[in-house]
Amino acid sequence: MTPEKLSQLAIEAMGRAYAPYSGYKVGAALLCADGTVYQGCNIENAAFSPSNCAERTAFFRALYDGHRDFTAIAVCGGKDGVITGSFPPCGVCRQVMREFCRDDFKLYLVNSADGAYDAATLAELLPRSFSAQDQMSG
Ligand code: THU
């Protein structure tokens, strides 16, 4: 699975978004260590706070199926599904990644409709983070 293909799968997933309130459609494609890919989209709610981000939809689908080892995620989003730049994961999603991913977990932030992306690692996007190790030693 190449970053380019994963980015295309994130763009495809954006088409499943349920975002009638914000209008921002978001898609994600999560690559597991065994090569399986889980796609996710944002799912909003009239009460707002129950809404779920695309990244967490992808993670929770994979986790439920028993996956615990992850390699990379591609993420894209934009108003009405039009990508005008990268759509970086929110802090809550980064913290969910922290629970299950190592520092070198790769993020491909898609910044154009043709699938171009900026690459980053989880360590870059969530430095000095609180993790399961801190919980156990604390
Ligand atoms: N959203 C995501 O799906 N992922 C993020 O990491 C940031 C925000 C969604 C939530 C909401 O449905 C919409 O984008 C606007 O905030």
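Summary table below
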{"quantity": "Hydrodynamic radius (Kirkwood) for the chain, which is based on Cα pairs only, to one decimal in Å", "calculated": "14.8 Å"}
{"quantity": "Mean separation of Cα contacts under 8 Å, 6 or more apart, over the residue count of the chain: relative contact order %", "calculated": "22 percent"}
{"quantity": "C-alpha long axis of helix 3-14 to longest principal axis of the chain, angle in °", "calculated": "60 degrees"}
{"quantity": "Potential lengthening between Tyr64 and Asp80 on full extension [0.36 nm per residue; Cα-Cα distance subtracted]", "calculated": "2.8 nm"}
{"quantity": "Distance in nm between pseudo-label sites at Val92 and Ser137 (7 Å out along the Cβ direction from Cα)", "calculated": "2.9 nm"}
{"quantity": "Reference-scaled alpha-carbon Rg (2.2 N^0.38 Å with N residues) for region 58-138", "calculated": "1.19"}
{"quantity": "C-alpha long axis of helix 54-64 to longest principal axis of the chain, angle in °", "calculated": "50 degrees"}
{"quantity": "Distance-filtered residues of region 32-59 - backbone nitrogen under 16 Å, label point 7 angstrom along Thr121 Cα→Cβ", "calculated": "none"}
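Rule-based calculations on the coordinates, nothing more; no lab input. As the structure is a prediction and not an experimental result, all values here were calculated from the model. Virtual Cβ from ideal backbone geometry, glycine too; neighbours counted across all protein chains shown.
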